Amino acid sequence: MEKATVPSIQMEKLSTTEETPSENYFSYMDNLIGSLLAIFGHLIISIGLNLQKYSHVRLAGTKDPRSYFKTKTWWLGLFLMILGEAAVFSSYAFAPLSLIVPLSAVSLIASSIIGIIFIKEKWKPKEFLRRYILSFIGCGLAIIGTYLLITFGPNSHEKMTGENIVRHLVGWPFLLYMLVEILAFCSLLYYYKQKNANYLLIILMLVALLGSTTVITVKALAGMIIVSIQGTMQLGYPIFYIMFVCMVATAIAQASFLSQASLLYDSALIASVNYILSTTLAISAGAVFYVDFRNEDVLHLCMFALGCLIAFLGVFLITRNRKKTKAFEPYVAINSVPGVTTMHDNGSTVQPDFGSSFSYGALQSNDSLSEIYTPATLPVVSEEASPGQAYRVYEHNKSE
């Protein structure tokens, strides 16, 4: 009897070990599906944005009285953007958060390639290569980094049910992470609003902190919708609607801070720095909230970090090649004119600037200026002068 029980035990051990390859296969397939959806979505979004920009440029260069939303090109771009956003949203339900977020570099790669294709200027081969060598190197590095991210990305998969999300939400690692994030956000917001610290790093750190919360809510919503489609309804949980409100609120706040940054700094610099900061904080949020790297070994972690660094470098080189716009100067600085000696000790502006308008300083009409800048009015005496009478001289009083 004892001999008969030994084979059964061995068969049970073999059956349990044989389930591991199939689970790994399905998890890698889910990673591949999510990665392809994210790459397709970012590519379509980039094409849609460039189509809308092309419709604006074409209308501005012609005498067409139509508005931009009455052109087919603009509506095609809007449709592609919605399709791309839906694909990116769906990708969060299949692959881990830390794998999907860095793949947004695909949009920058596509925009760079599309911009080079639609250039109207004619270059010689040597000049063209010299002009866009950084873009080519950046695209190559970003593609290599994307390949490493997909190959060595995290392989943790969990059903996004309401119970699992609540369990992650009340866990002490995420609560500690949220406490640190809230303190950092409040400190940066204080320096930005009260101290007028309009530095690019502070503004984009605010965007990245909000973005880490946004991607957490996006993955939760996408996962719960997919689980509901598969047959287990999750839309009745209150956490679904809480996550939806947080996603909308943080997305609107991000757009507000990004619009303020675009008024102060170059768009290419914003794109590269925002990608690096947002990706880093989003990966950290995925590692803490969804525990993406719990079953990964040291080799996969190092290769994944190397892929992120290569992608960061590629994005920096892509945006580095773009031309910077020169800001408009509302006055003429005396020390900027060659051959003219400085009239003031500190080389200040020629026209005194009393306000924030774009009018030339002393020509500005402002009633709130000091009294010394108001012109003095002389009294007018209407008297007929006789030949033997001298002219009367009136002393001017300032109160008149």
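Suppose we keep only residues that are over 14 Å from residue 168 (Cβ atoms) and touching a residue at least 24 places away in the same chain (Cβ under 8 Å) within the stretch 222-235. Which one would you say is most open to solvent (accessible area, probe 1.4 Å)?
Step by step, filter the stretch 222-235, then rank; the result is 232.
Only one residue in 32, 36 is in a helix (DSSP H, G or I), modelled with pLDDT of 90 or more and within 19 Å of residue 150 (Cα to Cα). Which one?
After applying the criteria, what remains is 36.
Would you confirm whether any residue within the stretch 201-209 is open to solvent by less than 70 Å² (accessible area, probe 1.4 Å), in a helix (DSSP H, G or I) and at pLDDT below 90?
No: zero hits.
Kindly provide the set of residues from the stretch 145-176 that are buried (at least 16 other Cβ atoms within 10 Å of the Cβ), in contact (Cβ under 8 Å) with a residue 24 or more places away in the chain and in a helix (DSSP H, G or I), ordered by number.
145, 146, 148, 149, 150, 162, 165, 168, 169, 174, listed by residue number.
Of everything in the stretch 187-200, what is assigned to a helix (DSSP H, G or I) and either open to solvent by less than 60 Å² (accessible area, probe 1.4 Å) or out of contact with any helix residue (DSSP H, G or I) (no Cβ under 9 Å at 6 or more places or on another chain) (or both)? Give them in sequence order.
Listed by number, the residues that qualify are 187, 188, 189, 190, 192, 193, 200.
Based on what the data block shows, is residue 102 within 30 Å of residue 159 (Cβ to Cβ) and touching a Cys at 6+ places or on another chain (Cβ under 9 Å)?
Spelling it out, residue 102 is indeed within 30 Å of residue 159 (Cβ to Cβ) and touching a Cys at 6+ places or on another chain (Cβ under 9 Å).
Would you check if residue 113 is of a type in the set (Val, Ile, Thr) and either open to solvent by less than 90 Å² (accessible area, probe 1.4 Å) or modelled with pLDDT of 85 or more (or both)?
Criteria met by residue 113.
Quick one: in the stretch 277-297, which of the residues that are open to solvent by 10 Å² or more (accessible area, probe 1.4 Å) and out of contact with any Leu (no Cβ under 9 Å at 6 or more places or on another chain) is modelled with the lowest pLDDT?
That would be 295.
The values are calculated or read from the model by the stated rules, or taken from the named source; none is laboratory data. Treat the numbers as computed from the prediction; the structure is a model and nothing was measured. Every residue, glycine as well, gets a Cβ built from its backbone with ideal geometry; the counts of neighbours run over all protein chains shown. Calculation scope for accessible area: heavy atoms of the full protein, side chains included, ligands and nucleic acids excluded. Shrake-Rupley method; radii C 1.70, N 1.55, O 1.52, S 1.80 Å.
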